[in-house]
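Inspection log for the structure reproduced underneath, given as structure tokens.
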Amino acid sequence: MRWFHIEELLPIEDELFGEEQWSAGMFWNELALGHHYLVAVAGDAVLGYAGLALTAPDEAWVQNIGVRKDAQRRGIGRQLLEALLAAAGPRKVLLEVAVDNGPAQKLYAEYRFEAVGIRRGYYQPSNTDALVMMREN
């Protein structure tokens, strides 16, 4: 991902996450910190994106994965996740996912992620809990 993709991500964020969407500034910050971000592009259109933060010598966090609703069920999210896992290398990989997002949890479980905790009220302003999942890479 490059800075010029950020404006194209914002409608996807709005479509998927509503009030809890990331702002342009949050994406700029992720890039400035050197986190690993990818975009899935068809022609000139961004279909999805994903980000990974390498936070310790043996740990990485999936920051986000988003795929436009009209591009879902085509394997794009799966490809993005696989690319993040490859970038993480031998690190253990963690992520947070909304407790009510069953499809995402199912995808992560297919890649050997297991629930390791709950963050109460993590997503704001909805106060939705987050399931913390981890995979030993």
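The values are calculated or read from the model by the stated rules, or taken from the named source; none is laboratory data. Computed from a predicted structure; not experimentally measured. Every residue, glycine among them, receives a Cβ derived from its backbone with ideal geometry; neighbour counts consider all protein chains shown.
What the table shows:
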read-out: Tally of residues being in a loop (DSSP other than H, G, I, E, B), at pLDDT 95 or above and either exposed (fewer than 13 other Cβ atoms within 10 Å of the Cβ) or not charged (D, E, K, R) (or both) across the stretch 112-126; value: 1
read-out: Qualifying residue in the stretch 27-46 (condition: in contact with a helix residue (DSSP H, G or I) (Cβ under 8 Å, 6 or more places away or on another chain), touching a residue at least 24 places away in the same chain (Cβ under 8 Å) and not hydrophobic (A, V, I, L, M, F, W, C)); value: yes
read-out: Top-ranked residue of the stretch 58-106 - restricted to ones that are charged (D, E, K, R) and part of a loop (DSSP other than H, G, I, E, B), ranked as farthest from the chain's Cα centre (by Cα); value: D58
read-out: Top-ranked residue of the stretch 102-111 - restricted to ones that are surrounded by fewer than 16 Cβ atoms within 10 Å (Cβ to Cβ) and of a type outside the set (D, E), ranked as nearest to M133 (Cα to Cα); value: A109
read-out: Residue within the stretch 24-37 that is more than 22 Å from Y122 (Cβ to Cβ), assigned to a strand (DSSP E or B) and not small (G, A, S) present; value: yes
read-out: When residues of the stretch 9-58 are limited to those that are acidic (D, E) and surrounded by fewer than 17 Cβ atoms within 10 Å (Cβ to Cβ), the one modelled with the lowest pLDDT; value: D44
